[in-house]
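Quick notes on the structure that follows.
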Amino acid sequence: MPEVLLADFQVKRLEVLNEKGEADPELLPELSDAQIWRLYELMLLARIFDERAVALQREGRIGTYPPIRGQEAAQVGSAFALTKQDWLFPSFREMGAHLTLGYPIPQLLQYWGGDERSQKVPVGLNIFPFCVAVGSQIPQAAGAALAARYRRDPVAIVTYFGDGATSKGDFHEAMNLAGVFNLPLVFICQNNQWAISIPLKGQTASASLAQKAVAYGFEGVQVDGNDVFAVYRATGQAVAKARSGAGPTFIECLTYRMADHTTADDAGRYRSGEEVAFWAARDPILRLERFLERRGLWSPQKREEAAAQAAALVDAGVAEMEALPPPAATELFDEILATLTPRQAGQRKVR
Amino acid sequence: MAQLNMVQAINQALAQEMARDDRVLLLGEDVGRDGGVFRVTEGLLERFGRERVLDTPLCESGIMGAAIGMAAYGLRPVPEIQFLGFTYSAFEQLFAHAARLRSRSRGRYSCPMVVRTPYGGGIKAPELHEESTEALFCQVPGLKVVVPSGPYVAKGLLLAALRDPDPVLFLEPTRLYRLLREEVPEEEYLVELGKARVARPGSSVTVVAWGSMLERVLKAAEGYDAEVLDLLTLNPFDSEAIIASVRKTGRLVIVHEAAKTCGLGAEIAATVAEEAILHLRAPILRVTAPDVPVPLAKLIDHYLPGVQQIRTAIDDVLQY
Ligand SMILES: Cc1ncc(C[n+]2csc(CCOP(=O)(O)OP(=O)(O)O)c2C)c(N)n1
Ligand SMILES: [Mg+2]
């Protein structure tokens with residue numbers, strides 16, 4: 001008997017903007033100059049926010065913080081394709097997505113300052129709390145997608161996670177649920193190529209993460225994660241597909257964690273300076289600047305102005321965060337249950 | 001004798017046992033190249049090689065399950081879970097398999113492994129990095145649970161755990177990792193599992209604690225004629241030592257940083273009530289965290305039992 005070919009698959013990588021700042025006109029998303037400038041402003045805001053947060057940690061003004069440096073295109077570009085009605089199930093390293101959706105800066109800083117009051121997501125945003133237990137948010141997104149479809153809501157459910165998270169059972173269980181139930185779900189993997197000290201090849205023997213979707217029966221695509229247009233384009237398509245009921249998509253944004261894992265980590269112990277320099281030269285913000293310059297939209301002075309505006313927003317956020325009174329001891333008991341148990345109530349009384 | 005902190009003492013115990021017994025190997029996230037996020041396994045990859053120090057993908061259930069397979073095959077794996085809060089996705093492997101393999105196979109297979117994991121609060125780390133849910137694990141028959149309170153006992157307990165024929169959960173109090181230095185002998189020595197240690201003799205009240213609370217209890221006990229017992233092994237815990245002490249003092253305070261309800265303090269109190277109630281001259285008091293999730297950094301000091309709360313409880317039982 002001849003063997004029968006059961007599956008034969010291709011995995012594609014989407015690139016729109018090259019490192020020189022040249023865009024493929026066929027693939028360039030339909031965005032006005034003003035929208036492209038907005039993408040640029042948001043990426044700068046993410047960068048400046050991040051630099052400030054690291055500095056605040058060093059000064060002891062907030063706690064351990066996980067930098068997003070290098071992932072601005074992958075976060076801003078994807079979140080820019082969402083609406084506030086869509087639901088977001090983030091991990092803990094997508095502050096660029098939060099900023100893009102208008103999450104208040106003081107609240108982001110307050111979270112990393114160790115204050116759980118910050119986890120009360122503002123009304124009008126459907127964002128789940130930061131998820132520290134790697135990968136555990138992903139099946140929850142599958143549940144929200146089931147619920148959204150049951151309610152006939154034309155929304156997309158989006159979950160963010162890292163390359164490391166793709167090794168967790170929760171990731172695979174959620175991918176399978178999404179495939180089996182054909183869910184309106186977009187998986188956005190921030191493949192920054194490191195999970196603390198474990199490089200991508202210590203995480204998977206697959207040639208790409210995108211191809212994992214194939215095994216679950218739906219589309220997976222890799223995009224150049226430092227190319228904001230590729231990220232935006234792929235996310236826009238996936239979100240439209242989800243909203244129209246055509247099922248899930250897995251997007252692997254191939255990017256790079258330019259900083260330490262967190263402010264408590266020292267990446268110099270496990271990766272080379274050359275590798276970091278290689279990726280620094282592929283900075284997503286530089287690339288967009290080159291594109292904008294070709295269009296006559298960018299100059300060093302315009303960058304200065306945009307950076308100053310972003311810095312002012314961040315400064316105001318820092319001031320607002322630091323003006324908050326510290327939580328009272330009784331806040332330990334806030335929102336534990338709709339009604340505290342008698343014992344909890346008693347414990348609260350003596351605080 | 002060298003003055004070591006707990007990180008160094010644990011590292012030394014692992015290195016010595018790996019040198020002595022080629023069945024011992026380490027696996028976990030970041031345990032190799034990075035030497036562990038607390039540097040507990042620093043230098044072991046370089047010394048023992050990649051076959052014995054495995055940097056795994058990010059998969060707690062996989063790590064735990066793989067360790068079970070290795071143990072049943074005849075090795076003595078030491079899986080590290082990066083923080084206690086991340087053992088939760090490995091419960092099935094730990095509870096349904098590691099703890100039961102001997103019983104499920106009627107002794108044909110066993111699971112001699114030591115699950116190492118940082119535990120406890122007070123380091124101002126993110127969510128799930130400061131859990132103290134030790135009682136959950138103590139509820140599972142077939143699993144031993146050990147908590148060192150300083151460098152000296154850490155080394156001896158770990159060596160004893162590594163030679164134990166059954167699975168041991170070895171909880172390393174993060175707040176103590178670098179807080180204390182003690183004389184730690186270079187040569188090997190064992191601290192027997194299941195035995196408490198009198199950390200400070202006394203005759204008017206017994207205070208039982210473990211892990212990072214011990215340090216606070218010893219501070220609180222200053223100026224009192226209090227006997228402080230360092231439990232060291234939480235399951236099986238040394239009820240004989242507790243009862244012997246309570247018979248002498250007639251008063252018992254139990255201190256733990258875990259939430260009160262169904263914490264290990266409840267089990268200890270019930271045991272004393274069953275076996276020594278007529279020796280008690282005051283109600284048993286527990287000083288614990290409240291029944292709320294472990295908070296983030298800004299509230300952690302309101303959550304963890306402090307020296308003053310412990311003193312108040314000691315006063316209360318003394319004045320009863
Ligand atoms: C379940 C779980 N295991 C371990 C950790 C500790 N930890 C925090 S982040 C991280 C690496 C995550 O890598 P990845 O998913 O690639 O995300 P990245 O940090 O690169 O954004 C680890 C091991 C955790 N938070 N949760
Ligand atoms: Mg990563």
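Laboratory data are not the source of any read-out in this text; all were calculated from the coordinates shown. Computed from a predicted structure; not experimentally measured. Note that each Cβ is placed from the backbone with ideal geometry, even for glycine, and that neighbours are counted across all protein chains shown.
Quick notes
- Split chain B at each of the trypsin sites (Lys or Arg not before Pro) in a DSSP loop with at most 11 other beta carbon atoms within 10 Å, and the longest piece is B:109-320.
- Principal-axis tilt of helix B:6-20 within chain B, Cα atoms, nearest 10 degrees: 40 degrees
- Close amide H pairs (under 5 Å, H built 1.01 Å from N) link B:T206 with B:E227, B:R251, B:L252, B:V253, residues at least 5 positions away or on another chain.
- The range A:161-220 and the range A:21-51 have Cα centres spaced 26 Å apart.
- Under Karplus coefficients 6.51, -1.76 and 1.60, residue-wise ³J(HN,Hα) of the range A:79-85 in Hz, glycine/proline x: 5, 5, 8, 9, 10, 5, 7
- Derived scalar couplings ³J(HN,Hα) [the range A:48-58; Karplus, 6.51 cos²θ - 1.76 cosθ + 1.60; whole Hz; x for Gly, Pro]: 6, 4, 5, 4, 5, 4, 4, 5, 4, 5, 4
- Based on Cα contacts under 8 Å between residues 6+ apart, chain A shows a relative contact order of 24 percent.
- Tail beyond 17 Å, pair distance distribution of the range B:248-300 (Cα, percent): 42 percent
- Our coupling estimate for the range B:211-228, obtained by passing each phi through the Karplus curve with A = 6.51, B = -1.76, C = 1.60 and θ = phi - 60°, is x, 6, 6, 4, 4, 5, 5, 5, 5, 5, 6, 4, x, 10, 8, 9, 9, 9 Hz, Gly and Pro reported as x.
- Sparse-neighbourhood loop sites, GluC sites (Glu not before Pro) in the range A:1-102 - DSSP loop, at most 10 other Cβ within 10 angstrom: A:E3, A:E26, A:E30, A:E59
- Entries in A:K84/A:K168; A:K241/A:K302; A:K12/A:K201 that, when Cα-Cα distance is taken, lie over 25 Å: A:K84/A:K168; A:K241/A:K302
- The protein assembly as shown: radius of gyration and largest Cα-Cα distance (Dmax), Å: 27.1, 89
- Pairwise inverse Cα distances across the range A:249-333, averaged and inverted, put the Kirkwood hydrodynamic radius at 17.3 Å.
- Value of Rg to Rh for the range B:113-221 (Rh from inverse mean 1/r over Cα pairs, i.e. Kirkwood): 0.96
- Column: log10 I(q)/I(0), Debye, Cα scatterers of the range A:12-349, q = 0.11, 0.12, 0.13 Å⁻¹: -0.72, -0.86, -1.01
- Pairs of Cα atoms in the range B:2-184 fall into 5 Å distance bins, from 0 up to the last occupied one, in shares of 1, 9, 18, 23, 23, 16, 7, 2, 0 percent.
- Cα pair distances in the range B:197-319, grouped into 5 Å bins until the bin that holds the longest one, percent each: 2, 12, 24, 25, 21, 10, 4, 1, 0
- Computed magnitude of the charge dipole of the range A:12-349 (debye, nearest 20; Cβ of K, R +1, Cβ of D, E -1): 760 debye
- Relative contact order, percent, chain B [alpha-carbon distance under 8 Å, six or more residues apart]: 16 percent
- When only alpha carbons are used to place a centre, the range A:53-102 and the range B:86-130 end up 33 Å from one another.
- Each pair of Cα atoms in chain B enters the Kirkwood radius, and Stokes-Einstein at 20 °C and 1.002 mPa s then converts it into a translational diffusion coefficient of 108 µm²/s.
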